[in-house]
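In what follows, a structure is listed as C-alpha cells, so that the remarks can point back to it.
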C-alpha cells in the first residue's frame, strides 16, 4: 500500500466555511498532499444524525468538494461515524447503514473512513461489531480505499478513562476480522503526540497487526485546553522514516483556516529526502508568502501564541495585540483577532454533535 499524505478535517468546534474548503485542494496538491478527508465533528449528518439523508444543499456542497479535489489532482474522502453501531449492530442497523452507503456512493468519493473514535466503548463485542460494519461497507464499495479508527486509537490511558476498559483481544479480533487492505488510524503514544519515533510506529504496527495510518493531531486546537493556543510553528518530532513505517500521515488542522495554512505546507519538508529538515527554514518559507508586516509579526509572536497562549497574556497585552493585528487587512490577522476576543472558546456542546 502506497504511503499517502492527507489532510483530515476532523476537529470539533467552530467549522470551516465551504468556500474555504473549495479553495484548499489546489493548495494541498502544491504542498505534496494526496488526499482531503472531509470528517468534521460538527457535521451531524455523518455522526449523531447519520441515519438521516443529506439535505439537497449538503449533497451539492459535497459533490462540489469532490469536483474541486479531482480537478486539483488529489483524492477525496468522507469520514463516517455510525454512532451506536459499536455497541449493537442489528439487522435494522445494517439496513440503515446500507442506505447511508448507497447515498455516499452517489458522491463518488475515493476514500471512506469509518470512525469509532470518541464514542462509548468497552463492551465485549466491540471489535466484532466494528469489524462487521467495516466489512459491510467494503462489500458495498469494494474498490474504495477504507480506513477505520478504533475506539482505542492511541496508547494514551485517557481513552480507557473516558470510554471504558479496552476489551481483551480487541486489536487481535479487529486484525483477524478485517481485510488487510483496511487501514487502521492511530494518533500515536498520546491522543496529541509530540513526536513519532521509529520505535513508536513499530510498536503500533505490532499491536494493530498492520502498519498504522497516522492521524496526527497537530496543529489541531479544538479542545478545552488546546483552544487557548494557536499552533503556528512547523512540524517537529516527525521524520521521513515514517514513510516506510506507516501507511500514511494525515494532518488534523486548526479551527482557524487561514492560520492553519502556515503549518500545513511544512510537512513536505519533513519528507524531502534531499535535504535535512530545518524547522527555521520551513517557518521562514511560509512567512515569506505573507505581507511583510504580517510575516514580521508572526515571526515575533508565533512562539507566544503557541507557548504562552490566551491565559498567559495580560489584558494590556491582548489589547495591544488586537490593535496591531486589527490594522492588517488579511484573513490570518483577522483570525488572530477573533482568537484574542474568545471567538474560538471551547464549547462542551460541540461534543454531542
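Pick out the one residue from 199, 222, 168 that is out of contact with any strand residue (DSSP E or B) (no Cβ under 9 Å at 6 or more places or on another chain) and touching a residue at least 60 places away in the same chain (Cβ under 8 Å).
On the way: 199 fails: touching a residue at least 60 places away in the same chain (Cβ under 8 Å); 168 fails: touching a residue at least 60 places away in the same chain (Cβ under 8 Å).
It is 222.
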Exercise for the section: May I ask you to verify whether residue 88 is farther than 27 Å from residue 7 by Cβ and assigned to a loop (DSSP other than H, G, I, E, B)? Expected result: yes
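Count, please, the residues in the stretch 320-333 that happen to be in contact with a helix residue (DSSP H, G or I) (Cβ under 9 Å, 6 or more places away or on another chain) and free of Cβ contacts under 8 Å to residues at least 24 places away in the same chain.
We begin by selecting, within the stretch 320-333, every residue in contact with a helix residue (DSSP H, G or I) (Cβ under 9 Å, 6 or more places away or on another chain); these are 321-322, 324-328, 330-333.
Filter again for free of Cβ contacts under 8 Å to residues at least 24 places away in the same chain, leaving 321-322, 326-327.
The total comes to 4.
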Fill in the blank from the handout: Among residues of the stretch 29-49 being surrounded by 21 or more Cβ atoms within 10 Å (Cβ to Cβ) and out of contact with any strand residue (DSSP E or B) (no Cβ under 6 Å at 6 or more places or on another chain), the residue nearest to residue 262 (Cα to Cα) is 41
Exercise for the section: Tell me, please, whether a residue that is surrounded by 19 or more Cβ atoms within 10 Å (Cβ to Cβ), under 15 Å from residue 8 (Cβ atoms) and either over 19 Å from the mean Cα position of the chain (by Cα) or modelled with pLDDT of 95 or more (or both) can be found in the stretch 204-212. Expected result: yes
Practice task
Determine if the stretch 235-251 includes at least one residue that is touching a residue at least 12 places away in the same chain (Cβ under 8 Å), within 22 Å of residue 39 (Cα to Cα) and over 16 Å from the mean Cα position of the chain (by Cα).
Solution key: yes
Practice task
State whether the residues of the stretch 71-85 include one that is over 21 Å from the mean Cα position of the chain (by Cα), farther than 23 Å from residue 18 by Cβ and surrounded by 18 or more Cβ atoms within 10 Å (Cβ to Cβ).
Solution key: yes
Problem - Selection from the stretch 252-287 of residues that are touching a residue at least 60 places away in the same chain (Cβ under 8 Å) and more than 17 Å from residue 193 (Cβ to Cβ) - result: 255, 256, 257, 258, 259, 261, 262, 264, 265, 268, 271
Handout entry: Residue count for the stretch 10-30, restricted to those that are in a loop (DSSP other than H, G, I, E, B) and under 24 Å from residue 144 (Cα atoms)
Key = 2
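Name every residue in the stretch 31-59 that is part of a loop (DSSP other than H, G, I, E, B) and under 17 Å from the mean Cα position of the chain (by Cα), in order of residue number.
Filtering the stretch 31-59 for residues part of a loop (DSSP other than H, G, I, E, B) gives 31-34, 39-43, 47-55.
Those that are part of a loop (DSSP other than H, G, I, E, B) and under 17 Å from the mean Cα position of the chain (by Cα): 31, 32, 33, 34, 39, 40, 41, 42, 43, 47.
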Practice task
Enumerate the pairs (first residue in the stretch 29-51 and in contact (Cβ under 8 Å) with a residue 12 or more places away in the chain and at positive phi; second residue anywhere and surrounded by 16 or more Cβ atoms within 10 Å (Cβ to Cβ) and part of a loop (DSSP other than H, G, I, E, B)) with beta-carbon separation below 8 Å, excluding pairs fewer than 6 apart on the same chain, so at least 6 apart or on different chains.
Solution key: 32/271
Practice task
Given the conditions (1) in contact (Cβ under 8 Å) with a residue 24 or more places away in the chain; (2) part of a helix (DSSP H, G or I); (3) surrounded by fewer than 19 Cβ atoms within 10 Å (Cβ to Cβ); (4) under 24 Å from the mean Cα position of the chain (by Cα), report the number of the one that residue 343 does not fulfil.
Solution key: (2)
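Quickly run through the stretch 74-88 and pick out the residues that are in contact with a helix residue (DSSP H, G or I) (Cβ under 8 Å, 6 or more places away or on another chain) and within 12 Å of residue 110 (Cα to Cα). Working first, answer last.
Applying the first criterion (in contact with a helix residue (DSSP H, G or I) (Cβ under 8 Å, 6 or more places away or on another chain)) to the stretch 74-88 yields 74-76, 78-82, 84-88.
Result: 74, 75, 76, 78, 79.
The values are calculated or read from the model by the stated rules, or taken from the named source; none is laboratory data. Everything numeric here is computed off the predicted structure, so don't read it as measured data. All Cβ positions, glycine included, derive from the backbone under ideal geometry; neighbour counts span all protein chains shown.
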